[in-house]
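**Student:** Here's a structure for you.
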Amino acid sequence: MPYTAEHKAATRDRILRSARELFNRKGYGDVSIDQVMAAADLTRGGFYNHFRSKEELFLHAIIDFAEAREAEMGGNEGEELARHVFSSYVSRDHLDGVAGQCPLMALPSDIAHASPAVRNAYARTLDVLVGLFGKGFPVDLECDSGTTGRALAALAVGAMVLARTVDDRELAASIIDSANHFAGALAAS
């Protein structure tokens, strides 16, 4: 008896969730299809019912992340949401939650060497942040919303990449706190 569409979708989601967590923890190059499937509690043979290659899985893991963030926001925008997202993004909780980290901060080196399709999916994830920050942070610096959004996204992602890569927990906390302080001061200007 063939599997239902719901079963197939649930299995695909398990594979994607496992892949995102492993990619975030180890990077693209150090993750195998066997590891992804074992983490999803599935056999390797089932992988090819959902994806043609590891790179296609990587692509869909990033797309899935972007779509989930867009769905969470539900088209909402505004200063309160933008500030909440910024402070949640640039936080110790986000830093410590490696498995659920945003690919913008967790995978930049891997993305730089990926296919154009993967880089485009990464850019889509960035666009979600840029749009939210650009519309939600009213700063008086004679910048359009795109410039503001890109600058704040760069601040958020850059701060988290730096905090993620230093061994000194106090320095990491200082980077996070500094980025939040600066964004708050910028919004208050």
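**Student:** Of (1) farther than 22 Å from residue 162 by Cβ; (2) surrounded by 14 or more Cβ atoms within 10 Å (Cβ to Cβ), residue 116 satisfies all except one. Which?
**Tutor:** (2)
**Student:** Continuing with the same structure: Tally time: how many residues in segment 157-189 are crowded, with 19+ Cβ neighbours inside 10 Å and among the basic types (Lys, Arg)?
**Tutor:** 0
**Student:** Need the failing condition index for residue 137 against (1) farther than 14 Å from residue 85 by Cβ; (2) modelled with pLDDT under 90, just the number.
**Tutor:** Only one criterion in (1) farther than 14 Å from residue 85 by Cβ; (2) modelled with pLDDT under 90 is unmet by residue 137, namely (1).
**Student:** Output the residues belonging to segment 119-156 that are crowded, with 19+ Cβ neighbours inside 10 Å and β-branched (Val, Ile, Thr).
**Tutor:** 125, 128, 130, 139, 148
**Student:** Within segment 18-72, how many residues are within 14 Å of residue 107 (Cβ to Cβ) and acidic (Asp, Glu)?
**Tutor:** Residues that pass the stated criteria total 4.
**Student:** More than 22 Å from residue 69 (Cβ to Cβ), among the polar types (S, T, N, Q) and either in contact (Cβ under 8 Å) with a residue 40 or more places away in the chain or surrounded by 13 or more Cβ atoms within 10 Å (Cβ to Cβ) (or both): is that true of residue 109 in this structure? I'd like the intermediate steps shown before the answer.
**Tutor:** Details: more than 22 Å from residue 69 (Cβ to Cβ): no; among the polar types (S, T, N, Q): yes; either in contact (Cβ under 8 Å) with a residue 40 or more places away in the chain or surrounded by 13 or more Cβ atoms within 10 Å (Cβ to Cβ) (or both): yes.
No, not satisfied.
**Student:** Separate question: Counting only residues that are over 15 Å from residue 135 (Cα atoms), touching a residue at least 24 places away in the same chain (Cβ under 8 Å) and not aromatic (Phe, Trp, Tyr), which one in segment 77-95 is surrounded by the fewest Cβ atoms within 10 Å (Cβ to Cβ)? Give the steps one after another, and end with the answer.
**Tutor:** Narrowing segment 77-95 to residues over 15 Å from residue 135 (Cα atoms): 87-95.
Of the ones still in play, those that are also touching a residue at least 24 places away in the same chain (Cβ under 8 Å) are 87, 89-92, 94-95.
Subset that is not aromatic (Phe, Trp, Tyr): 87, 90-92, 94-95.
Values: 87: 16, 90: 26, 91: 17, 92: 13, 94: 20, 95: 19.
Of everything passing the filter in segment 77-95, 92 is surrounded by the fewest Cβ atoms within 10 Å (Cβ to Cβ).
**Student:** Can I ask one more? Which numbered condition in (1) more than 30 Å from residue 169 (Cα to Cα); (2) surrounded by fewer than 19 Cβ atoms within 10 Å (Cβ to Cβ) is the only one that residue 98 fails?
**Tutor:** Going through the list (1) more than 30 Å from residue 169 (Cα to Cα); (2) surrounded by fewer than 19 Cβ atoms within 10 Å (Cβ to Cβ), residue 98 breaks only (1).
**Student:** Let me ask something else about it. Inside segment 1-53, can you point out the residues that are of a type in the set (Lys, Arg) and either touching a residue at least 24 places away in the same chain (Cβ under 8 Å) or over 27 Å from residue 94 (Cβ atoms) (or both)? Let's see the steps before the verdict.
**Tutor:** Here is the first cut: in segment 1-53, the residues of a type in the set (Lys, Arg) are 8, 12, 14, 17, 20, 25-26, 44, 52.
The answer is 8, 12, 14, 20, 25, 44, 52.
The values are calculated or read from the model by the stated rules, or taken from the named source; none is laboratory data. Note that the structure is a prediction, hence the values are computed from the model and not measured. A quick note on method: Cβ atoms are made from the backbone with ideal geometry, for glycine too, and the neighbour counts reach across all protein chains shown.
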